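**Q** Sharing a structure below in structure tokens format, with a few things to ask.
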Ligand SMILES: N[C@@H](CCC(=O)N[C@@H](CS)C(=O)NCC(=O)O)C(=O)O
């Protein structure tokens, strides 16, 4: 399978997933802002020219959450995903989707307003509002993680998505000092050799 990847982006999730599963993969590497990501050939793979995208034979797929679900369903052999009738299954789905649904929207605003826009176009009010919202979103993770090691029982695809999003949020300066369960959870995810490998490629 081929992973379309750029370092330090959401495609780290997919490399992390493959490393956890021990599945072979080929990397097609980009740098953010690379004109290749807007080439007609790549726009056929991902219509917005973003990463990650996955090619598996005649299947082409984008959206990191969908890729995680697809790989686990077709190639995971039952690993890293509770069975549909298992008690952890609803929590697994909820926290898998929480990453893109709730955590990443304020993260996106912070990235745009503090990194991507030229200084004269940045808006401090937007950053403050997004930072406050991100704090509340991380608060829900903190409450859930009390007494838990991972989001839905055993380490799973939900941790790939939301563990990565929590890590990125902290890297961008989200204050987790008052959220000890999130802090410990981020450390736990980042101590996994597969995640460490994924950050280096
Ligand atoms: N919801 C999408 C978001 C994909 C996305 O926005 N990826 C960013 C990197 S984290 C990207 O490729 N940005 C490049 C660009 O906008 O040119 C997913 O989870 O896959």
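**Q** State the extension gain, in nm to one decimal, for the chain segment bounded by residue 85 and residue 36, taking 0.36 nm per residue of separation less the distance between their alpha-carbons.
**A** Separation in residues times 0.36 nm, less the Cα-Cα distance, equals 13.3 nm.
**Q** Still on this structure, I have one more. In whole angstrom, how long is each semi-axis of the equivalent ellipsoid of the chain, when you take the square root of 5 times every eigenvalue of its Cα gyration tensor and sort them from largest down?
**A** In descending order the semi-axes read 25, 25, 14 Å.
**Q** Can you tell me the order of 59-72, 112-125 when each peptide is scored by its average per-residue count of other Cβ atoms within 10 angstrom, highest first?
**A** Packing order, densest peptide first, comes out as 59-72, 112-125.
**Q** Right, here's the next one. Hey, fewest Cβ within 10 Å first, where do 199, 95 land in order?
**A** 199, 95
**Q** Kindly provide the helix-only [θ] at 222 nm of the chain, computed as the sum of -39,500 (n - 2.57) over DSSP H runs of four or more divided by all residues, to the nearest 500 deg cm²/dmol?
**A** Calculated mean residue ellipticity at 222 nm is -15500 deg cm²/dmol.
**Q** Let me ask something additional. Once the piece of chain linking residue 56 and residue 2 is laid out straight, how much longer is it, given 0.36 nm per residue of separation minus the C-alpha distance between them?
**A** 18.8 nm
**Q** Measuring from label point to label point, each 7 Å out along Cα→Cβ, what is the residue 125 to residue 70 span in nm?
**A** Between residue 125 and residue 70, the label points sit 4.1 nm apart.
**Q** Among 139-150, 47-58, 99-110, 24-35, how do they line up by average Cβ neighbours within 10 Å per residue, starting with the highest?
**A** Top of the packing list down: 99-110, 47-58, 139-150, 24-35.
**Q** Right, another one. Indicate the gyration tensor shape class of segment 2-80 (rounded, prolate or oblate), computed on the Cα atoms with a ≥ b ≥ c the square roots of the eigenvalues: a/c under 1.5 is rounded; otherwise a/b larger than b/c is prolate and the rest oblate.
**A** Cα axes put segment 2-80 in the prolate bin.
**Q** Now for a separate question. Taking the Cα atoms of segment 89-193, what is the range of coordinates along each of the three principal axes, in descending order and whole Å?
**A** Principal axes ranked by extent give 46, 26, 25 Å for the Cα atoms.
**Q** Further question: What is the Cα centroid distance between segment 129-201 and segment 69-83, reported in whole angstrom?
**A** Answer, in whole Å: 21.
**Q** While we're on this one: What full-extension length gain, to one decimal in nm, is calculated for residue 177 and residue 192 as 0.36 nm per residue of separation minus the Cα-Cα distance? Intermediate results must be reported in sequence, preceding the final value.
**A** Numbers: separation 15, 0.36 × 15 = 5.40 nm, distance 2.18 nm.
Length gained, residue 177 through residue 192: 3.2 nm.
**Q** Students often get this wrong: which residues of segment 23-48 have the backbone nitrogen under 20 Å from the point 7 angstrom along Cα-to-C-beta of residue 63?
**A** Once the point is set 7 Å along Cα→Cβ of residue 63, 43-48 turn out to lie under 20 Å by backbone N, inside segment 23-48.
Since every read-out is calculated from the coordinates, none of them should be taken as a lab result. The model shown is predicted, which means the values in this text are computed figures rather than measured ones. When we count neighbours, we look across all protein chains shown, and the Cβ atoms used for this are built from the backbone with ideal geometry, even at glycine.
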